[in-house]
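What follows is calculated from the coordinates using simple rules that are stated; it is not laboratory data. On a predicted model such as this, the values are computed, not experimentally measured, just so you know. Using ideal geometry, Cβ is built from the backbone for each residue, glycine included, and neighbour counts are taken over all protein chains shown.
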Amino acid sequence: MTRRRFLIFAAVAALLISACDSVQPNTSDQLVIEGFFDAGQGLPDLRVRKTVGLDADQDEVRDAFVADAVVNVRHNSTLVDYRPTEDSGRYEPSLDLSVQLKSGDRFTVSVSWNEQSTTGSGRIPPEVRLDSIMLSVPSEPIEAVLVDSLRLDSLGIDAETGYLYAVEATMWWLKTDAEDDYWIQAQLRPFTEFSSLVLDFILLPEQVFPEVEGSENGVSRSWTGLYAIPVADGEAPLPPHQLRLAVVRSDQDYADYVLTRGAPDRREPSSNLDGALGIVAGISVDSLVVSIDESYTGKRTRISGR
Amino acid sequence: MRSASLAILVVVQVLASIEVAGQSIRVEADDAKLRDVLESVGLQSGIDIVYAHSLVDAHRVTCDYDGNRLDQALSCILKDTRLGFEQVGPRQFVIRVPLHVDPPNRYVLTGRIVDAASRRPLTGAHVYLPETAAGSVAAADGSFKVSGLSRTKYRVRSSFVGYGTVDTVVAVPREPLLIALQPTGIGTETLVVIGEVYRSQTASALPGMVELDGNDLEQIPRSIDDQDLFQALEWLPGIERSGETIGGLSVRGSSPDQNLYLLERAPVYHPSHAFSLISTFQTETLTDVKFYRGSFPAEHGGMLSAVLDARLKDGRRDRPRANVAINALNARFLVEAPITRSASFMIAARRSYLDKIIGSEHPVEEDGKRDTLRTGYYFYDWSAKLTFRPGDRSRISASYYRGRDNLDLKLPFDLSLNFSDWLRPADLFFEVGHRWGNEIYSVSYDVVLTPAAVFSATAYESRYDADERTFVQPTSSSVVASDYAVSLHDLGVRSEVEFTPTNIYSAKVGLSAAQIRFQSTLDAQLERSASLVRDVDEFSELTSFEVAAFAQGSWRPSARWRVEPGLRLTTFTGAKGVRLDPRLNASYRLRPNLLAKAAVGTQVQYLHRLRDRYSFLYDLVSTRWVPVDGAIRPSTSSQLAAGLEMEPSAYVTVKAETYYRRSEGVLIPRDHFQTKDGIDGPGIDVAALLGEHTSASMRSYGIELAGQIAIRHWDISVTYTGSKSESRAFDLGEAFFRPSRYDVPRSLRSSVSWSRNRWSFSVAAIARSGYPETVPTAQYAVGGPLDDTEFFLHRPAINNGRLPAYARLDLYGGYRFTAGGARIRCKLHLYNVTNRRNVLGRQYSPGVDGIALIERSGLPLLPLFEIEMEL
């Protein structure tokens, strides 16, 4: 090969190599595992799904169960086989072991299916217990701007003004000695849900934070959230509604999972499974449902002694 | 050692008497074609004489020889050419351009360089002959001498700081030459000519370097603003804007924060206006722009990817000139004039005026309630330079630049194109008051110490600051009020001495020191309800020092070779020890019209530009630079580049370059998917900001081709870039490299310009790959202990897809005329003439019926008009 030909060849090769675009989407199905090991409870059921194509509707996505996976859980040193239930996608322990999960217990979930294997592990946190709650309901509704969405392809913002009751709720839970290791998910869930893009910045129906950052008060810590109940006008009474107050104690993996669930248009939740999607986490949950009506307006109501 | 070998070769060649046994050689040539004469001699002697046709075809020779020595015959034949010969085998000779110097160093070009207006000698001015790479520096009386020349024509380039470069073609031998340089601005209406980029033969051996001087701007394709340097640079191969028309420059796939922007030797930390639509570099105010892609001389450092080194005009020294213009985005003026025989000034300003048209304050009233809504946005900048020449050997200049952007909004939340819907008093509203900009002071002193030594010193102060004030009231009982400020204050000095003892050697040594102070404050109040209130009061301050020393040499061992070794030593507060960055650049002229270049070197970057990715309370328009410290190490890179420059004919220029760069310690977001989505954030502390990022390796490589045909009224240029830019972060579990944010595998740009008399037209087209995007490949459902099952899209890898290809066609037309003593130029620019809606971004959302896809489109067809008047 002459030098000139070599140079031409090298130039063309460099051109082709540099222009080659190897970016290709990956389309193989993946396992989606969901399991929450609750302190004080027995070994939980696990749910196993798989990913489906982008052209599927939500029913197909929800029902994309995997019924023929091999599932087992190692709880401390005990290996427990799981079996599928009649309800497709749910797996339960094959033996009734009467196990009660305790703080510090370790577990590992293993799932094999269709030449895929995945494992995920965690540790059971100390039990969390709501000690008391307080509700603070304003005497009258406030004016608020309601924005449904900010669109990527438009400069316009379609907003309107409405009215709502902004209700504060505070939860107290008992501290644990090892709280440096744990995160708290505190959540207010009114049964009448409400969302507005702008107000979502102001309202605080849920927060995930390191437990040590919760407000400290003797033997307990607390968190205060804010949720909204929309009403028709500025003189409307507070509609009767139910509110669930919940607190979850768990580890960093679970916190990452919850913190990344909020923007499905942008991202998928963080997973602690090796080679699969979803989450297996040791948690401790306590919750309380209260019924709130017009009698709560204009005052603070504390419910304690649970 | 190499020099000794060459000397021995020369001696052997000179001493060797080539006697052609039994053969007589008879040459009788009178202005005959060289090729015919060589063929005749070859036949007579029986010796194989090898030559390139392109080398000899242009020559005619005169020779009268009768003997039997081939070397004497060839010497006679070639005596009036620049060609030599070499015996490469027992019976084979090669005709070639001499490897060292022309044997008969008989001819010398002498002359003087003077100021065209005052006729004063321009001590220190440069004379350069691109074809031979020979040159000289004017002495105290302006005289120069270039020796070692042959009897032929040469292109002579003369330049001096503050003066326009002059290209002259002279025939040697000749009488002493008198070169008169015009102070910058004369005969040039604007500065940068991309077309010239490919035509000019730069004196540097650096591949990737572009030196822009001020001639015919008319041929440059621009996107939006006729005066924007960045929009001109976009047409160079390997350079992309990070957005469609906005954003910084991505050079060879790097992020924009890896570029160093210098104005009057002072760094510019935020070089853009109007949310990065327009750069702060206004070409009309500039006189000398050097742009280095990847390979820098040792005098520059501190960034990994590119250096833009621009100087403001000194101001005309012969007569005043004023220029005013208005276009769709801004209005501007420039005045330059002499003050005395030894002093001149330039002052320029521009300002956007949309706020003056639609108004920045809107008093509104409804039901007896009054309010004032605000919709103000404007930017402006001032550039000024005062130059004083106390003698023929020295020059002092003081420069000033100030550019600001100001956004002032007070609006209700309900925004739409129907103004009557929202131009009314509102209880619930938001206010945004953002101001940001740069301010630069620079004083420079240049003095010719001896005819071979020039000393330069610069002291500068560069300040970048931004202030973001926000007040949001979405309900009658909740308020978000914040005041966030960022500032960077760079105070520095640098000095250098350039030695040019001979045409063979030159060297530049220098020293620089800078103190950089970083400050940011946040004072915010989040009042969600009457009792749920959080006050945020944060402050962050850092001070760093950087000291650098450099030495840059230039050695021309022969007319073909140019070697430029360099070394830069840097120490920075927070970085360990002294960093050594060697550079080596070399060029070799393969043929008179073919130049090969290569460069290898390393770079270091001590500052990282980062932005918080969580909170809307800060870092909305601000740029935060973070210096290295014990927690983060500097970014480093190594680059190898090589290129060819060829002029196959007087009308055609072709360039090809290839490069490979590897960078380490580049900070990328730890969470690729995280974008600002709430009020709460990790805070403005530097450690918190660094926690959002992780260190990554990057590599990029590619090939860049550029061709230009300039003939009569036509100018046609085409550039193609094939490249890859990839990153890998081990901390994120990335085992393999993946496309980086600014990876553009293919980019093709072309322009066709025609100009004659008063009219000029051009068509410019761009077609490139879309930027990478992260594409979902599947969907799934998963729940939580407190939540119902929710639906998500599975994105298995970052940047696993790509946006559709970007393509655009622009048209431009201009007409100039004279009226009332003023030169007037009218320009019409049709941006995106096909009205193609390029896709710039995509959002995928899981929905009940499948995936909802929302696309963000680029700008539609935009007619942009400009009128410019020069007095």
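For a quick check: sort A:I33, B:I516, B:I339 by the number of other beta carbons within 10 angstrom, fewest at the front. Please list the in-between numbers first.
Working: A:I33 27, B:I516 23, B:I339 13.
The fewest-first ordering by Cβ neighbours comes to B:I339, B:I516, A:I33.
Judged by the gyration tensor of its Cα atoms, with axes a ≥ b ≥ c, the protein assembly as shown is prolate; a/c meets the 1.5 cut and a/b is the larger of a/b and b/c.
Semi-axes of segment B:339-435's equivalent ellipsoid from the Cα gyration tensor, sqrt of 5 times each eigenvalue, largest first, rounded to whole Å? Don't jump to the answer; show the numbers that get you there.
Numbers: eigenvalues 459, 25, 17 Å².
Semi-axes from the Cα gyration tensor: 48, 11, 9 Å.
Count Lys and Arg as plus one, Asp and Glu as minus one, and take only other residues whose Cβ is under 13 Å from that of B:Y51; the net charge is then -1.
If R0 is 60 Å, what FRET efficiency do you get for B:A805 and B:F471 from their C-beta distance, rounded to 0.05? Could you put the intermediate results ahead of the total?
Values: r = 43 Å, r/R0 = 0.71.
Once rounded, the FRET efficiency stands at 0.90.
Normalised by the number of residues in chain B, the mean separation of alpha-carbon contacts (under 8 Å, six or more apart) gives a relative contact order of 8 percent.
Excluding B:V509 itself, calculate the net charge of residues whose Cβ lies under 9 Å from the Cβ of B:V509, where each Lys or Arg counts +1 and each Asp or Glu counts -1. Walk me through the numbers before you get to the answer.
Working: positive: B:K508; negative: B:E496, B:E498.
Local charge sum for B:V509: -1.
Excluding residues fewer than 8 places away in the same chain, name every one of the lysines whose C-alpha is closer than 25 Å to that of B:K385. The qualifying lysines are B:K290, B:K313. With a Förster radius of 41 Å applied to the beta-carbon distance between B:R96 and B:A549, the computed FRET efficiency rounds to 0.50.
With all pairs of separate Cα atoms included, chain B yields a Kirkwood hydrodynamic radius of 30.3 Å.
Computed from backbone phi, the HN-Hα couplings of segment A:279-293 come to 7, 10, 9, x, 9, 9, 10, 9, 8, 8, 10, 10, 9, 10, 9 Hz, rounded to whole numbers (Karplus: 6.51 cos²θ - 1.76 cosθ + 1.60, θ = phi - 60°; Gly and Pro given as x).
What does the helix-only formula give at 222 nm for chain B: each DSSP H stretch with n ≥ 4 adding -39500 (n - 2.57), the total divided by the residues, and the result rounded to the nearest 500 deg cm²/dmol?
Numbers: 9 runs with 65 residues, N = 871.
Value at 222 nm, helices only: -2000 deg cm²/dmol.
Compared with the dominant Cα axis of chain B, that is its longest principal axis, helix B:2-15 is turned about 20°. Relative to the 2.2 N^0.38 Å rule of thumb, segment B:648-712 has a C-alpha radius of gyration ratio of 2.05. In terms of other Cβ atoms within 10 Å, B:I77, B:I854, B:I632 run from fewest to most in the order B:I854, B:I632, B:I77.
Between B:A688 and B:R60, the modelled labels are 8.2 nm apart [label points 7 Å from Cα along Cα→Cβ]. Quick check: the distance between the Cα centres of segment A:63-124 and segment B:271-350, to the nearest angstrom? Taking the Cα centre of each part, segment A:63-124 and segment B:271-350 sit 68 Å apart. By the beta-carbon count within 10 Å of each Cβ, the least crowded to most crowded order of B:K153, B:K597, fewest first, is B:K153, B:K597. Shape class for segment A:157-306, computed from the alpha carbon gyration tensor (a ≥ b ≥ c): oblate, with a/c not under 1.5 and a/b at or below b/c.
Peptide A:274-287: average number of partner chain Cβ atoms within 10 Å per residue?
Values: counts 0, 0, 0, 6, 5, 4, 0, 2, 0, 3, 1, 2, 0, 2.
Across the residues of A:274-287, the mean count of other-chain Cβ atoms within 10 Å is 2.
Couplings for segment A:60-74, taken from phi via the Karplus curve 6.51 cos²θ - 1.76 cosθ + 1.60 with θ = phi - 60°, read 5, 5, 5, 9, 7, 7, 10, 9, 10, 8, 9, 10, 8, 10, 9 Hz in order; Gly and Pro are left as x. Cysteines in chain B that lack a partner Cβ within the 4.7 Å cut-off: B:C826. Label sites at A:T192 and A:E160, each approximated as a point 7 angstrom past Cα along Cα to Cβ, lie 1.7 nm apart. Taking 7 Å steps out from each Cα toward its Cβ at A:D57 and B:D31 produces label points 9.3 nm apart. Near B:R728, once Lys and Arg are set to +1 and Asp and Glu to -1 for all other residues with Cβ below 15 Å from its Cβ, the sum equals +2. Amide hydrogen proximity for B:Y163: with H placed 1.01 Å from N in the peptide plane, the residues at 5 or more positions away or on another chain lying under 5 Å are B:T184.
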